[in-house]
Amino acid sequence: MSRPDQADYMLRAAATDVGRLYKRQLVDLLDVREGHTVLDAGCGPGTDLPTLAERVGATGTVVGVDRDPAMLAQARERTRELPRVEIREGDVLDLPVDRGTVDRAKIDRVLMHVDDPAAALAQLHRVTRPGARVGLAEPDWDTLVVDAEDLETSRVFTRYTTAHVVRHATVGRSLARLAERAGFGVEAVLAHTPVFRDVEEADHTLGLGRNMEAAIAAGHVGPERGRRWFASLSQGAFFASFTLVTVVCSR
């Protein structure tokens, strides 16, 4: 089972009720104002750039940075009529942004994938001005729960996800500590719990089928047991959830 298109994955996740809620709350807590320079580090297909551009108005600037050419192409297309948005190719571990030039910054579901989350936060500290605000949002995949009568296989699935699928699967719980170590002051820590009642949507977002097949291939669960578990998820009421942590900090 192949991985979903990453841009489609990010756009669908952002369009869910929980996706809209935490993103709106994050931008509100950042207190983006007219005239600000705002950085979206790891902007992906540019999902949040129009909202940020609206907040900064005619005198502000929004900078979206990503290293994936396909993501950058979509971000450029999404913002082509927004003259105050700049799209730059670059890595969050080496941001193409001058020191001390950013008033607000956000990094959303990116740190779990990078080589060194602490180095990415050091980059955010480098490019922000004194008094700037920074918003961080990451899942804690150790909190992933999938209801099934075979509870142990659900637990195996979560352990496999945290150990083998996501590079920094528990970075969400560490955001406040990592932010303090990078030199930021932590202002707010919030947790959202996305709940999935539709098995197809959960399969798309959580990779239930493809990650179970990977766990089977790697010998973490027997084929019959793993596929029986996955098939059972479509039988009757479905429930799955995980915790998404948001931290807002100041420079």
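Checking the conditions here, which among 187, 200, 180 is touching a Lys or Arg at 6+ places or on another chain (Cβ under 8 Å), surrounded by fewer than 16 Cβ atoms within 10 Å (Cβ to Cβ) and either on the phi < 0 side of the Ramachandran plot or acidic (Asp, Glu) (or both)?
Working: 200 fails: touching a Lys or Arg at 6+ places or on another chain (Cβ under 8 Å); 180 fails: touching a Lys or Arg at 6+ places or on another chain (Cβ under 8 Å).
When all the criteria are applied, what remains is 187.
Any idea which of 96, 83 is modelled with pLDDT under 95 and not small (Gly, Ala, Ser)?
Exactly one of 96, 83 is modelled with pLDDT under 95 and not small (Gly, Ala, Ser), namely 83.
Is one or more of the residues making up segment 151-167 in contact (Cβ under 8 Å) with a residue 12 or more places away in the chain and either under 14 Å from the mean Cα position of the chain (by Cα) or farther than 27 Å from residue 210 by Cβ (or both)?
Yes - at least one qualifying residue is present in segment 151-167.
Please find, within segment 136-147, the residue that is nearest to the chain's Cα centre (by Cα) out of those that are assigned to a strand (DSSP E or B) and either more than 30 Å from residue 240 (Cβ to Cβ) or not aliphatic (A, V, I, L, M) (or both). Walk me through it before giving the result.
Here is the first cut: in segment 136-147, the ones assigned to a strand (DSSP E or B) are 136-146.
If we keep only those that are either more than 30 Å from residue 240 (Cβ to Cβ) or not aliphatic (A, V, I, L, M) (or both) too, we end up with 138-143.
On the way: 138: 5, 139: 7, 140: 11, 141: 12, 142: 15, 143: 15 Å.
Once the filter is applied, the top-ranked residue is 138.
Here is a yes/no grid of residues against (1) in contact with a Ser or Thr (Cβ under 8 Å, 6 or more places away or on another chain); (2) in a loop (DSSP other than H, G, I, E, B):
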residue	(1), (2)
70	no, no
73	no, no
77	no, no
80	no, yes
83	no, yes
87	yes, no
96	no, yes
100	yes, yes
103	yes, no
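Can you go through 193, 205 and tell me which one is in contact (Cβ under 8 Å) with a residue 12 or more places away in the chain, under 20 Å from the mean Cα position of the chain (by Cα), loosely packed, with under 14 Cβ neighbours inside 10 Å and farther than 30 Å from residue 127 by Cα?
Working: 205 fails: loosely packed, with under 14 Cβ neighbours inside 10 Å.
Within the list 193, 205, the selection yields 193.
Within segment 51-60, identify whether any single residue is out of contact with any strand residue (DSSP E or B) (no Cβ under 7 Å at 6 or more places or on another chain), assigned to a loop (DSSP other than H, G, I, E, B) and modelled with pLDDT of 95 or more, and answer yes or no.
Looking through segment 51-60, none of the residues is out of contact with any strand residue (DSSP E or B) (no Cβ under 7 Å at 6 or more places or on another chain), assigned to a loop (DSSP other than H, G, I, E, B) and modelled with pLDDT of 95 or more.
State the number of residues belonging to segment 35-54 that are over 14 Å from the mean Cα position of the chain (by Cα), farther than 23 Å from residue 184 by Cα and not β-branched (Val, Ile, Thr).
Of segment 35-54, the ones over 14 Å from the mean Cα position of the chain (by Cα) are 35-39, 49-54.
Then drop every residue that is not farther than 23 Å from residue 184 by Cα, which leaves 49-51, 53-54.
Filter once more, keeping what is not β-branched (Val, Ile, Thr): 49-50, 53-54.
Number of matching residues: 4.
It is to be established whether one or more residues within segment 24-41 are modelled with pLDDT of 95 or more, in a loop (DSSP other than H, G, I, E, B) and either in contact with a Leu (Cβ under 8 Å, 6 or more places away or on another chain) or of a type in the set (A, V, I, L, M, F, W, C) (or both).
yes
Does segment 126-135 include one or more residues that are assigned to a helix (DSSP H, G or I) and either among the aliphatic types (A, V, I, L, M) or farther than 30 Å from residue 219 by Cα (or both)?
Scanning segment 126-135, I find at least one residue that is assigned to a helix (DSSP H, G or I) and either among the aliphatic types (A, V, I, L, M) or farther than 30 Å from residue 219 by Cα (or both), so the answer is yes.
Quick check on my filter: what residues within segment 210-251 are surrounded by fewer than 19 Cβ atoms within 10 Å (Cβ to Cβ), under 21 Å from the mean Cα position of the chain (by Cα) and part of a helix (DSSP H, G or I)?
Scanning segment 210-251 gives a single hit, 210.
Out of segment 148-194, which residues are touching a strand residue (DSSP E or B) at 6+ places or on another chain (Cβ under 7 Å), within 18 Å of residue 243 (Cα to Cα) and in a loop (DSSP other than H, G, I, E, B)?
Across segment 148-194, the qualifying residues are 166, 169, 170, 193, 194.
The values are calculated or read from the model by the stated rules, or taken from the named source; none is laboratory data. Only a predicted model underlies this, so the values are computations on that prediction, with no experimental measurement involved. Every residue, glycine as well, gets a Cβ built from its backbone with ideal geometry; the counts of neighbours run over all protein chains shown.
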